[in-house]
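The values are calculated or read from the model by the stated rules, or taken from the named source; none is laboratory data. Because the structure is a prediction, the values reported are computed rather than measured. Cβ placement follows ideal geometry from the backbone for every residue including glycine, while neighbour counts extend to all protein chains displayed.
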Amino acid sequence: MNGGRPSSGGSQGLREPRPPVIRYAACADSGLDPDDWFPASRDPAVARVEAAAALAVCGACLARKRCLELSLRHWPLGQYGIWGGTLPGERKALLREHLAASSRQLNRATS
């Protein structure tokens, strides 16, 4: 989930309610440096080492599946960093597979 936190609201410094996926996301309170969620390397093996702490947080997260779905639905944001315990390249492959399956299904429906 990239460790994102909702902004503080109001003049009294009250926090806005967290959306459900963030409420249960382990990354929201992980204490990791934000850079830990963004591996610099495009090489999957190196990126996995760079993001090991973030991936460990995701491994025990209750929102992992929803987080991954969110990243794929909102690709302009979801293409970066660690989401749902996956690296950017892994999500790109999942998105390609999903788009290909959707295309095949649409072709069958219109044939």
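Of all residues in segment 30-49, those satisfying the criterion of being surrounded by 12 or more Cβ atoms within 10 Å (Cβ to Cβ), closer than 24 Å to ARG96 by Cβ and in contact with a helix residue (DSSP H, G or I) (Cβ under 8 Å, 6 or more places away or on another chain) are TRP37, PRO39, SER41, PRO44, ALA47, ARG48. Just so you know, in segment 84-111 the residues that are of a type in the set (A, V, I, L, M) and in contact with a helix residue (DSSP H, G or I) (Cβ under 9 Å, 6 or more places away or on another chain) include one that is modelled with the highest pLDDT, and it is LEU87. Scan segment 70-83 and tell me whether some residue there is within 10 Å of the chain's Cα centre (by Cα), modelled with pLDDT of 95 or more and either of a type in the set (D, E, K, R) or at positive phi (or both). Yes. Within segment 71-80, the set of residues being farther than 20 Å from SER30 by Cα and in a helix (DSSP H, G or I) comprises LEU72, ARG73, TRP75, PRO76, LEU77. Quick check on segment 51-70. Is at least one of its residues among the hydrophobic types (A, V, I, L, M, F, W, C), assigned to a loop (DSSP other than H, G, I, E, B) and exposed (fewer than 15 other Cβ atoms within 10 Å of the Cβ)? There is at least one residue in segment 51-70 that is among the hydrophobic types (A, V, I, L, M, F, W, C), assigned to a loop (DSSP other than H, G, I, E, B) and exposed (fewer than 15 other Cβ atoms within 10 Å of the Cβ).
Inside segment 81-93, can you point out the residues that are surrounded by 15 or more Cβ atoms within 10 Å (Cβ to Cβ) and not in a strand (DSSP E or B)?
Here is the first cut: in segment 81-93, the ones surrounded by 15 or more Cβ atoms within 10 Å (Cβ to Cβ) are 81-88, 90-92.
The answer is GLY81, ILE82, GLY84, GLY85, LEU87, PRO88, GLU90, ARG91, LYS92.
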